[in-house]
1. Of the residues that sit in segment 91-103 and are modelled with pLDDT of 90 or more and either exposed (fewer than 13 other Cβ atoms within 10 Å of the Cβ) or over 12 Å from the mean Cα position of the chain (by Cα) (or both), which one is nearest to THR16 (Cα to Cα)?
2. Go through segment 75-86 and count every residue that is part of a helix (DSSP H, G or I) and open to solvent by 60 Å² or more (accessible area, probe 1.4 Å).
3. Could you list, in sequence order, the residues of segment 82-105 that are among the small types (Gly, Ala, Ser) and free of Cβ contacts under 8 Å to residues at least 60 places away in the same chain?
4. Of all residues being modelled with pLDDT of 75 or more and touching a Lys or Arg at 6+ places or on another chain (Cβ under 9 Å) in segment 41-68, which is farthest from ARG12 (Cα to Cα)? Just the residue, please.
Amino acid sequence: MRTDSAFVVLDRVRSTLNILKKSNLLYSTTSAALVAPNAPNAESQEQSSSSHRENGILTSFKDLQLKVRFLSSNDVVDPIDAITPFLLILRAKNMAGPYKLAALEAISCFISS
């Protein structure tokens, strides 16, 4: 059976991914690069780089979810691995308040548990 910390991390990852799903961020980021015009101006480059950052955030959440899901009974969750996806949300300039709030709540939960 997994440790309590693994359950806490998995719960927070799932709830954050659900918030991202509800806002269609999961689906809009993959198509943002396709929608961006081919002209090499600053706006299209910024939009493309922000979509890559968002895909990196989603990838880090999915990787953490898989890692925690398949922990053995004696394994523990690495704190750096657990916090990294949430820190990526906090650092992202294009993420709005609800996402940052969810990330802060998750980090607070990790610290208090």
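The values are calculated or read from the model by the stated rules, or taken from the named source; none is laboratory data. What you see is a predicted model; the values in this text were computed from it and never measured. Glycine also receives a Cβ, built like all others from the backbone with ideal geometry; neighbour counts cover every protein chain displayed. All accessible areas refer to the heavy atoms of the entire protein, side chains included, with ligands and DNA or RNA removed. Shrake-Rupley method; radii C 1.70, N 1.55, O 1.52, S 1.80 Å.
1. My answer is LEU101.
2. So the count comes out to 2.
3. Listed by number, the residues that qualify are ALA92, ALA96, GLY97.
4. VAL68
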